[in-house]
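In what follows, a structure is listed as structure tokens, so that the remarks can point back to it.
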Amino acid sequence: MTKSQHIDWLLGLADDALILGQRLSEWCGHAPALEEDIALSNIALDLIGQSRAFFAHAGRLEGAGRDEDRLAFFRSDREYRNLLLVELPNGHFGDTIARQFFFDQFALVRYTHLAQQTFDPEVAAIATKALKEVRYHAAHSAEWMLRLGDGTELSKARIQESVERLWPFTGECFEEHATLDAAIASGAMPDRSQAQTTWNEQVEAVLNQASLTKPEGSWSQKGGRDGLHTEHLSYMLAEMQVLPRLHPDAKW
Amino acid sequence: MEPYLCSESIHAMDLNQRFEDYIAADQKIEAKDWMPDQYRKTLIRQISQHAHSEIIGMLPEGNWITRAPSLKRKAILLAKVQDEAGHGLYLYSAAETLGANRDDLMDALIDGRAKYSSIFNYPTLTWADMGAIGWLVDGAAIMNQVPLCKCSYGPYARAMVRVCKEESFHQRQGFQIMLNLSEGTDEQRAMAQDSLNRWWWPSLMMFGPNDESSTHNEQSMRWKIKRFSNDELRQRFVDMTIPQIELLGLTVPDQDLKWNASSGHYEMGAIDWKEFFDVIAGNGPCNKERIAARKKAHRDGEWVREAASAYAQKMNAKASSNQTHAA
Amino acid sequence: MSNQSSEWPLWEIFVRSRQGLSHKHVGSLHASDATMAIANARDVYTRRQEGVSIWAIPAEAIAASSPADKDILFDPANDKVYRHPTFYNLPDEVKNM
């Protein structure tokens, strides 16, 4: 893996966490129950924390003086490296849970490997801490998949629809991509087909238990890792970045 | 909780006497103890208003989470607003020990029947408002809340101990935002002053009407639900805050403010109580938006809450049928 | 009071703050099932590392003594001073007992 690929890869890890954390933070004050409001905020906080660790590491490796905030607030959507899945709007609670479920299962596979790999010890340290958090997130989203899938007729219909709508965005987790290929080759990332198999098994097990149907389609939307995003990301960044962009010299 | 049937030997008079004795001896009243209806009603009203204030209070600050200017600030603000949800939850729980029901309380809030702190009907227009709210609004809230840790009703007092412990981080993070702004660029300093101008008077109003026109003071003081008067607490807040404003290099938006050396207190200008009562009456800049947002969250969440209940019922049914089979 | 089916039942939460201490009541919350009650308790009552173990108990499953019986339950222990070690005078020669 070249240095620039290494940085690109780290930014992907950071961006996945930040963008999903930013999305989840939109729920704060608006969740279906007070207890769930607190739960979603906790997950958002974990994700933002993970992104900060990856940004800091990427910035140091790059050595160009960009800190976490420089990287988060002064890159355009074309420079963001996150999966399309995590930037999709929250929709209703079922949409948010389905998105979270797909991502958590991916994060679980990815962090399990990241915590063990020796290519980048700093990433291993971040991942070891994050893995505990992600296990909790995965339990939270899987529990909700069951409650919604096996709850009322209405909830079942809604969550099934969410699963189908989001399904085309899950393939990107395992896409073939030069940066990721290099990361896999150097042992930094898990073997693609093995990771995908694990993900598939876990996802299928939960969907079955929730009496939901796994979508058939194999088409997947891609582009996030190359900075080609959905229409949603630019809006999100416009909101997120407005203050630092408006006051570039300010410290907060 | 079942209203309890008293043993035949204890008459209402004795119960009331025992309650009064407890209060006089600074003993806590606990959930299942006998208490006068009016005491119970006063507490449910006050605790639920307090809980509503926490929940509605999440909205003006929640408004800036997605626009926080650094990742550290984003995390702090999110954790802070999350704490408000926790505080609301502790307080609803305390109200529930008195026989109230959270759904009913929530209904009263979104139907506009319940009150909450009117400060949250003001808009948050700049990032500096996150500073001013933490520093002034939470600061004023702490002034109000610290005495409540000693309130005569046990569950409320215990909830407040927890709330106050967490609240002090809120005030500090707010002050730090103001400090950073006041040491920052010209625009940031202007932002801080503008925010102070907008939040100063509403913060003073948070202590409630002047003592002579406050309706609930006397009885609440006697029952040790309330331990200091509105004016006492307001004065304490002003005396504590003015030096902090000076430290920030900002100007107090009160031309009549004077230091009175003989009393050792600041004398503040007249508060615009018309504005206060207008906002309480529902005419503040954001009353309707706040309630609408709460209502939407509650309604939008209904199918989710129902699904979880239905799922739990199914699981319980399954578990008990498994047990039958096993037996 | 309200019987809307969507309201989740109330759970009483007990937290062990560290190994070696017993669980202590910290408050209550709403949850649809036991798993959610534990998860919610974790998020609501241990955000600042207040605990290492959680019990969640359906509020309706708790049997409580009645406050009206406070006298008959607890006053009789008042005069059993001989249960306390300080009741017994020991000769000065006995240093530790």
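The values are calculated or read from the model by the stated rules, or taken from the named source; none is laboratory data. A quick note: this is a predicted structure, and the numbers were derived from the prediction, not measured. Neighbour counts are summed over all protein chains in view; Cβ atoms, including those assigned to glycine, are modelled from backbone coordinates with ideal geometry. For accessibility, only protein heavy atoms count, side chains too; no ligands or nucleic acids. Shrake-Rupley method; radii C 1.70, N 1.55, O 1.52, S 1.80 Å.
Things worth noting here:
- Unmet requirement for B:Ile133, which otherwise passes all of (1) within 13 Å of chain A (Cβ to nearest Cβ); (2) under 26 Å from B:Asn63 (Cβ atoms): (1)
- For the stretch A:172-194, filtered to residues that are among the hydroxyl-bearing types (Ser, Thr, Tyr) and surrounded by fewer than 19 Cβ atoms within 10 Å (Cβ to Cβ), the residue that is nearest to A:Ile7 (Cα to Cα) is A:Ser186.
- Only one of B:Asp83, B:Asp33, B:Asp26 that is within 27 Å of C:Trp8 (Cα to Cα) and assigned to a loop (DSSP other than H, G, I, E, B): B:Asp33
- Residue in the stretch B:262-276 that is surrounded by fewer than 14 Cβ atoms within 10 Å (Cβ to Cβ) and within 14 Å of chain A (Cβ to nearest Cβ) present: no
- A:Ala31 crowded, with 24+ Cβ neighbours inside 10 Å and either acidic (Asp, Glu) or within 9 Å of chain B (Cβ to nearest Cβ) (or both): no
- Checking each residue in the stretch B:164-195 for being within 11 Å of another protein chain (Cβ to nearest Cβ), at pLDDT 95 or above and out of contact with any Leu (no Cβ under 7 Å at 6 or more places or on another chain) picks out B:Gln176, B:Ile177, B:Asn180, B:Leu181, B:Glu183, B:Gly184, B:Thr185, B:Asp186, B:Glu187.
- Lone qualifier among B:Leu105, B:Leu78 - being among the hydrophobic types (A, V, I, L, M, F, W, C) and over 22 Å from A:Glu239 (Cβ atoms): B:Leu105
- Candidates in the stretch A:207-233 are the residues that are away from every other protein chain (no Cβ under 14 Å) and not in a loop (DSSP other than H, G, I, E, B); of these, the one that is surrounded by the most Cβ atoms within 10 Å (Cβ to Cβ) is A:Gly224.
- For the stretch A:140-160, residues that are of a type in the set (Ser, Thr, Tyr) and part of a helix (DSSP H, G or I) total 2.
- Of all residues in the stretch C:62-76, those that are of a type in the set (A, V, I, L, M) and open to solvent by 70 Å² or more (accessible area, probe 1.4 Å) total 4.
- Evaluated against (1) within 11 Å of chain B (Cβ to nearest Cβ); (2) surrounded by 18 or more Cβ atoms within 10 Å (Cβ to Cβ); (3) of a type outside the set (Val, Ile, Thr); (4) farther than 30 Å from A:Trp144 by Cα, A:Ser51 falls short on exactly one condition, (4).
- The C-beta contact set for the stretch B:75-102 (first residue within 10 Å of chain A (Cβ to nearest Cβ) and touching a residue at least 40 places away in the same chain (Cβ under 8 Å), second residue charged (D, E, K, R) and not in a helix (DSSP H, G or I), distance under 9 angstrom, 6+ apart or interchain) comprises B:Asp83/C:Arg47; B:Gly86/C:Arg47.
- Against the conditions (1) without any contact (Cβ under 8 Å) to a residue 60 or more places away in the chain; (2) assigned to a helix (DSSP H, G or I), A:Leu108 satisfies every one except (1).
- For beta carbons closer than 7 Å, sequence separation of 6+ or different chains, a first residue in the stretch B:163-175 that is more than 14 Å from B:Ala128 (Cα to Cα) and a second that is among the charged types (D, E, K, R) and buried (at least 16 other Cβ atoms within 10 Å of the Cβ), the qualifying pairs are B:Glu166/B:Asp83; B:Glu167/B:Asp138; B:His170/B:Lys80; B:His170/B:Asp83; B:His170/B:Asp138.
- In the stretch A:54-108, the residues that are within 14 Å of chain B (Cβ to nearest Cβ), open to solvent by 20 Å² or more (accessible area, probe 1.4 Å) and of a type in the set (Gly, Ala, Ser): A:Ala56, A:Gly91
- Among the candidates B:Pro69, B:Pro60, B:Pro123, residue that is away from chain A (no Cβ under 14 Å) and either touching a residue at least 40 places away in the same chain (Cβ under 8 Å) or outside any loop (DSSP other than H, G, I, E, B) (or both): B:Pro123
- Complete set of residues in the stretch B:180-221 that are more than 21 Å from the chain's Cα centre (by Cα), open to solvent by 30 Å² or more (accessible area, probe 1.4 Å) and within 25 Å of B:Asp256 (Cβ to Cβ): B:Arg189, B:Ala190, B:Gln193, B:Asp194, B:Asn197, B:Glu212, B:Ser213
- Any hit, the stretch B:224-234, residues being in contact with a Gly (Cβ under 6 Å, 6 or more places away or on another chain) and closer than 30 Å to B:Gly184 by Cα: no
- Residue-level check: of (1) within 30 Å of B:Glu30 (Cβ to Cβ); (2) crowded, with 20+ Cβ neighbours inside 10 Å; (3) among the small types (Gly, Ala, Ser), B:Ser229 misses just (2).
- Criterion: open to solvent by 20 Å² or more (accessible area, probe 1.4 Å), at pLDDT below 95, over 30 Å from A:Trp27 (Cα atoms) and not hydrophobic (A, V, I, L, M, F, W, C) - qualifying residue of B:Lys224, B:Lys258: B:Lys224
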